[in-house]
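Report on the following structure.
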Amino acid sequence: MASPDNYTDQNFWEKLRRFAAQAGREVVEKALMLYYAAQRPETPLWAKTVIYSALAYFVLPTDAIPDLTPIAGYADDLGALAAALTTVAMCITPEVKRNAKQQLEVWFGKEAEEVTKSAEPVGEIPIE
């Protein structure tokens, strides 16, 4: 996986803003659950390292399968996010799931063209 040092909140939200509809609900849901879990002060440092490594891989412009490749483009991202979720499953609280679900409803409850225009996080998590 990518180094957590390659991750920034700004890159994460920009990637979602531009590619949420293309990446699909499943990829975005996993990315959001990891993101919200990492924001919790109770999440241990080792888990945050795993999370930020997976999110760094997600936001990297170059990865094993280019994201612009039709259909398969986000398969490797999905695999990395799913592996991280399995590893840090105990950090995925009902609140984390609720925050991710709320954001998914905001984005995917609208037409696909509108999804990328409203890609701002719900809740009180600031974007730096």
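Is there any pair linking a residue in segment 13-33 that is in contact (Cβ under 8 Å) with a residue 60 or more places away in the chain and surrounded by fewer than 18 Cβ atoms within 10 Å (Cβ to Cβ) to one that is part of a helix (DSSP H, G or I) and hydroxyl-bearing (Ser, Thr, Tyr), with Cβ under 8 Å and at least six apart or on different chains, and which?
Pairs found: Arg17/Thr116; Arg18/Thr116.
Report the residue count in segment 33-62 for those that are of a type in the set (A, V, I, L, M, F, W, C) and part of a loop (DSSP other than H, G, I, E, B).
Selection size over segment 33-62: 1.
Residue by residue through segment 1-60, note down the ones that are of a type in the set (S, T, N, Q), closer than 21 Å to Glu105 by Cβ, modelled with pLDDT under 90 and within 13 Å of the chain's Cα centre (by Cα).
Hits for segment 1-60: nothing passes.
The values are calculated or read from the model by the stated rules, or taken from the named source; none is laboratory data. Remember, it's a predicted structure, so these values are computed and weren't measured experimentally. So basically every Cβ, Gly included, is an ideal-geometry build from the backbone, and we count neighbours across all protein chains shown.
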